[in-house]
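Q: For reference, the structure I am asking about is given below.
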Amino acid sequence: MKQRRKIPDSDWRDGFLFVGNHLALDFLNTRPIQNGEARELLSDFGALLRWFQAAGLLSTREMANLQLQGESVTARRALEAMRRFREKLRKEVLAWEGGAHVHRSTVEELNQLMAVHPMLSKLEATGNVPFMGPWFEPFLPEDLFAPLAHSAAKLFAEADRNRVRKCGQCVLHFYDTSKKGTRRWCSMQLCGNRLKVAAYAARQRLNANEG
Ligand SMILES: [Zn+2]
């Protein structure tokens, strides 16, 4: 696994949304609502690989190796399993944000996934100071579960749930890392501006009626 690249400050990266501030939430956000309809961004195994690469989790070589398996039954099954995992995670995150305990079945599933597809560590010796980073070996399509299960488990175990929220306007989730902790929208670009424009129009109408 490659170290996460320095990421340009934009909501969309290679056709995917990275507004979550957390890998597990960015993964949830691969099924946004656009123009009133749910849009599946992980439309096939190739799209799944592009998401992993956009997230900085696959090197070009690892991606090429997995692409060769793209037409296989295992690749299709892995994609389906990951989409199912995502929708189960969505329900769990929504309930958890609302104060519910994480279901035992979810804990067990995450533990099982992490046992079969573990996230490893790697010492990187770039520069003067060695750096310890997460790493996994993506030989087979299902190995891609490693960072997904790991980040979902970390979300439940370590994130401040008061700062994990669904956007007030759409289905996207984010981890609020702002200083004040008052972030309400997935992004200014996607929902914030829309809301501001609507509020402005409403004020204008009010003014017109009063005048
Ligand atoms: Zn939104």
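FYI, it's all coordinate maths here, none of it is from the lab. If you're wondering where the values come from, they're calculated on a predicted model, not measured in any experiment. Cβ coordinates were reconstructed from backbone atoms using ideal geometry, including for glycine residues, and neighbour counts include every protein chain displayed.
Q: Rounded to the nearest 0.05, what FRET efficiency do residue 43 and residue 169 have when you use their Cβ-Cβ distance and R0 = 22 Å?
A: Details: r = 24 Å, r/R0 = 1.10.
According to the calculation, E is roughly 0.35.
Q: Taking a 27 Å limit on the Cα-Cα distance, which of the listed pairs 88/180; 88/122; 122/154; 122/166; 88/166 fall beyond it?
A: Listed pairs above 27 Å: 88/180; 88/122; 122/166.
Q: Given a cut-off of under 8 Å on Cα pairs at least six residues apart, what relative contact order in percent is computed for the range 113-156?
A: Working: 44 pairs, mean separation 17.8, N = 44.
After rounding, I find 41 percent.
Q: Working out 0.36 nm times the residue gap between residue 210 and residue 11, then minus their Cα-Cα distance, what length gain in nm do you get to one decimal? Show your work: numbers first, answer last.
A: Numbers: separation 199, 0.36 × 199 = 71.64 nm, distance 3.89 nm.
Working it through step by step, the gained length comes to 67.8 nm.
Q: Taking only Cα atoms, what is the 0 to 90° angle, nearest 10, from helix 104-116's long axis to the longest principal axis of the chain?
A: 40 degrees
Q: Please find, in a Gaussian network model of the chain (springs between Cα atoms separated by less than 10 Å), the residue of 81, 24, 55 whose mean-square fluctuation is greatest.
A: With Cα springs under 10 Å in the chain, the top fluctuation among 81, 24, 55 is at 81.
Q: Specify the residue with the greatest mean-square fluctuation among 116, 164, 197, computed from a Gaussian network of the chain linking alpha-carbon atoms under 10 Å apart.
A: So, out of 116, 164, 197, the one fluctuating most is 197.
Q: Return a whole-number percent for the relative contact order of the chain, with Cα pairs under 8 Å and 6 or more residues apart as the contact set. Don't skip to the answer; put the middle values down first.
A: Details: 240 pairs, mean separation 50.4, N = 211.
Over the chain, the number comes to 24 percent.
Q: Report the net charge of residues surrounding residue 70, where surrounding means a beta-carbon distance below 15 angstrom and charges are Lys +1, Arg +1, Asp -1, Glu -1.
A: Values: positive: 50, 76, 77; negative: 44, 62, 71, 80, 142, 143.
Combined, the nearby Lys, Arg, Asp and Glu give -3.
Q: Further, regarding this structure: Taking the Cα centre of the chain as origin, sum charge times position over the Cβ atoms of Lys and Arg (+1) and Asp and Glu (-1), and report the length of that vector in debye to the nearest 20. Don't skip to the end; give the middle numbers.
A: On the way: 32 positive and 23 negative charges, 164 e Å.
For the chain, the charge dipole is close to 780 debye.
Q: Among 81, 24, 52, flag the residue with its Cα farthest along the positive direction of the charge dipole of the chain, charges on Cβ as +1 for Lys/Arg and -1 for Asp/Glu.
A: 24
Q: Here's another thing I want to ask about it. Of 96, 181, 113, which is farthest on the positive side of the dipole of the chain, counting Cα position, with +1 on Lys and Arg Cβ, -1 on Asp and Glu Cβ, and the Cα centre as origin?
A: Farthest towards the positive pole: 181.
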